[in-house]
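As structure tokens, the structure follows; a few thoughts come after it.
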Amino acid sequence: MLHLVKSLFTANPVDSPQLQSAKRQLGADEVASLRSGFIKLQDNTSHGKLDKDAFLALLGCDQLDGWLGEQLLRVVSCGSGQGVDFEAVVVAKAICCQGTGREVGEFCFNLLDAHQTGKITPADLEHALLSCLD
């Protein structure tokens, strides 16, 4: 078990610098917990990615199944719509939990900017608020 935790936390030469930084921010235990949950929620056809429902379950955000859940998936998957891989989950969690004010603010802005126009419209805010009430 110690080898598994160490291998998850130690910088891997193929890890991106962003993932290496995120792993340091979160710590070995949190990365190992995310990895374990990620593996449990993956299905055999996912090609190393989680779909929206599995992704939200991993984060404990099952209730965000509407607009806000879709937006969260879009932001974390960088707009791919193909699900999220482990690196994206780790980096997003590090930003949300340990990021600078600027990083958190940018993440939230991207979450609310539904049409990716660089502007948050009143309709975007309305969707976000209604999604929270559902």
Gln82 versus Gln98, label points 7 Å from Cα toward the beta carbon: distance in nm? 2.8
Could you tell me the relative contact order of the chain? Use alpha-carbon pairs under 8 Å, at least six residues apart, and round to a whole percent. 22
Where a Cα-Cα gap under 12 Å defines reach, which aspartates and glutamates qualify for Lys93, not counting those fewer than 8 residues away within the same chain? Glu30, Glu103
Enumerate the lysines that Lys40 could reach by cross-link, defined here as Cα to Cα under 16 Å, with residues fewer than 8 away along the same chain left out. Lys49, Lys52
With a ≥ b ≥ c taken as the square roots of the eigenvalues of the C-alpha gyration tensor of segment 82-123, please select rounded if a/c is under 1.5 and otherwise prolate if a/b is larger than b/c or oblate if it is not? oblate
Take the alpha-carbon centre of segment 15-49, take the same for segment 72-116, and report the distance between them in whole Å. 15
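As an exercise, identify the trypsin sites (Lys or Arg not before Pro) in segment 33-134 lying in DSSP coil whose Cβ has no more than 16 other Cβ atoms within 10 Å.
Numbers: sites: Arg35, Lys40, Lys49, Lys52, Arg74, Lys93, Arg102, Lys119; in loops: Lys119.
Those that pass, being in a loop and sparsely packed, are Lys119.
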Only helices counted: for the chain, with every DSSP H run of 4 or more residues adding -39500 (n - 2.57) and the sum spread over all residues, [θ] at 222 nm is -19500 deg cm²/dmol
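Coordinate-derived values only; no laboratory data. All of these numbers come straight from a predicted model, not from anything done at the bench. Positions of Cβ are generated from backbone atoms using ideal geometry, with glycine treated the same way; all protein chains shown enter the neighbour counts.
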